[in-house]
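Below is one structure; the comments refer to it alone.
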Amino acid sequence: MPERALFNLERCPWGALYRVALGYAMLPCLAFVTGSSIAGWSVILWFAAVLVALRVVPAVLRKLLPFSRALSTAWAERRMMAKRFDSYQWRKLFWIGVGLGTYVVHDNQRGWPIVALVLFCLVGGAAGLLIYRRRRGFGNHPRAERN
């Protein structure tokens, strides 16, 4: 059952929801780590670090923890799809941007690096989502993922 939950984490709506939550938590976590208010380029550096961690941490866990062959194969297929369709990665930014934007509006953040980052995520992510769906033939493929 836990492996099934890990597999389904990337499916709609869970993949979108956890990315929105990640985006929402990104700035409060930065403020907690630095012990100060959120400002300037530190937001961009933090964002880049979070994106790197989203790639590195799962890779390390896949090496260290024993997962079934079926789950490992499914994850390998998703990684291959991500390599084939660059827009698959970009669409993830959309959901992170939704969460980040929600926090920015909620907390009344107005610094231009933060606003630029939100716009980058939303515009780039939306473009990636549209391109991915067009290239992948969304709706025409029985296993097309929706998120």
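The values are calculated or read from the model by the stated rules, or taken from the named source; none is laboratory data. Every value quoted in this text rests on a predicted model; they were computed, and no experiment measured them. With ideal geometry, Cβ positions are generated from the backbone for all residues, glycine too; neighbour counts draw on all protein chains shown.
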Criterion violated by G40 - all others in (1) at positive phi; (2) modelled with pLDDT of 85 or more satisfied
(2)
List, please: which pairs have Cβ atoms under 7 Å, are six or more places apart or on different chains, and start with a residue in the range 21-42 that is free of Cβ contacts under 8 Å to residues at least 12 places away in the same chain and end with one that is outside any helix (DSSP H, G or I) and of a type outside the set (A, V, I, L, M, F, W, C)?
A31/S37
Is it the case that R11 is farther than 22 Å from V118 by Cα, part of a loop (DSSP other than H, G, I, E, B) and either of a type outside the set (S, T, Y) or modelled with pLDDT of 85 or more (or both)?
yes
Residue in the range 89-126 that is modelled with the lowest pLDDT, counting only those that are among the charged types (D, E, K, R) and closer than 23 Å to C12 by Cα:
R91
Among (1) of a type outside the set (A, V, I, L, M); (2) surrounded by 13 or more Cβ atoms within 10 Å (Cβ to Cβ); (3) in contact (Cβ under 8 Å) with a residue 60 or more places away in the chain, the one test that W90 misses:
(3)
A59 passes all but one of (1) assigned to a helix (DSSP H, G or I); (2) in contact (Cβ under 8 Å) with a residue 60 or more places away in the chain; (3) farther than 26 Å from L119 by Cα; which number fails?
(2)
Sort out which residues of the range 7-39 are surrounded by 13 or more Cβ atoms within 10 Å (Cβ to Cβ), over 20 Å from M81 (Cα atoms) and aliphatic (A, V, I, L, M), and write them in order of number.
L17, V20, A21, L22, A25, M26, L27, L30, A31, I38, A39
Please specify each residue of the range 92-131 satisfying the condition of being β-branched (V, I, T), under 16 Å from the mean Cα position of the chain (by Cα) and within 18 Å of A21 (Cα to Cα).
I96, V98, T102, V118
Inspect all residues belonging to the range 23-35 and state whether any of them is assigned to a helix (DSSP H, G or I), touching a Phe, Trp or Tyr at 6+ places or on another chain (Cβ under 9 Å) and either charged (D, E, K, R) or over 20 Å from V98 (Cβ atoms) (or both).
yes
